[in-house]
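Here is the structure we will look at.
The values are calculated or read from the model by the stated rules, or taken from the named source; none is laboratory data. Note that this is a predicted model, so its numbers are computed, not measured. We place every Cβ from the backbone using ideal geometry, glycine too, and count neighbours over all the protein chains shown.
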């Protein structure tokens with residue numbers, strides 16, 4: 001398949017396919033006699049794998065590591081488990097930060113909701129921030 005057909009079949013763009021190739025997560029495509037990229041059917045599976053990895057929050061570098069392990073003839077299961085464990089810890093950290101932010105914003109909003117504009121000091125921009 002040519003790059004446009006492959007892009008459509010994988011729900012991505014030609015630019016993204018070229019980027020994936022440059023990033024080392026998609027092997028170089030064969031070339032037609034006229035020099036166009038000619039992707040095989042395995043490309044669709046590879047792009048689907050890349051998209052699943054990205055949906056799990058993995059970077060292209062991490063996805064490339066997984067592919068390198070698999071291409072080396074070894075199952076990447078342990079490495080993937082380690083990556084996902086780290087990802088879960090980062091998500092938990094992010095959730096905690098967001099919960100703290102939510103509590104802060106809620107307090108500020110509640111205080112501002114009870115504001116009496118008549119008591120605002122003219123030199124203050126806003127006492128609730």
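A few points about this structure:
- Residue list for region 1-40, restricted to those being under 20 Å from residue 63 (Cα atoms) and surrounded by fewer than 12 Cβ atoms within 10 Å (Cβ to Cβ): 11, 15, 22, 28
Okay, residues lined up against (1) within 30 Å of residue 91 (Cα to Cα); (2) at pLDDT 95 or above; (3) part of a loop (DSSP other than H, G, I, E, B):
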| position | (1), (2), (3) |
| --- | --- |
| 26 | yes, yes, yes |
| 34 | no, no, yes |
| 51 | yes, yes, no |
| 62 | yes, yes, no |
| 75 | yes, yes, yes |
| 80 | yes, yes, no |
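- Annotation note: Cβ proximity below 6 Å between a residue of region 55-76 that is touching a residue at least 40 places away in the same chain (Cβ under 8 Å) and a residue that is assigned to a helix (DSSP H, G or I) and surrounded by 14 or more Cβ atoms within 10 Å (Cβ to Cβ) (sequence gap 6+ or interchain) occurs for 60/23.
- Just so you know, in region 36-49 the residues that are assigned to a loop (DSSP other than H, G, I, E, B) and touching a strand residue (DSSP E or B) at 6+ places or on another chain (Cβ under 9 Å) include one that is farthest from residue 3 (Cα to Cα), and it is 40.
- Candidates 95, 63, 91: the one that is in the same structural domain as residue 126 (by TED's automatic domain parsing) and more than 30 Å from residue 127 (Cα to Cα) is 91.
- Test result for residue 84, surrounded by 12 or more Cβ atoms within 10 Å (Cβ to Cβ) and part of a loop (DSSP other than H, G, I, E, B): no
- Residue in region 88-100 that is part of a loop (DSSP other than H, G, I, E, B) and free of Cβ contacts under 8 Å to residues at least 40 places away in the same chain present: no
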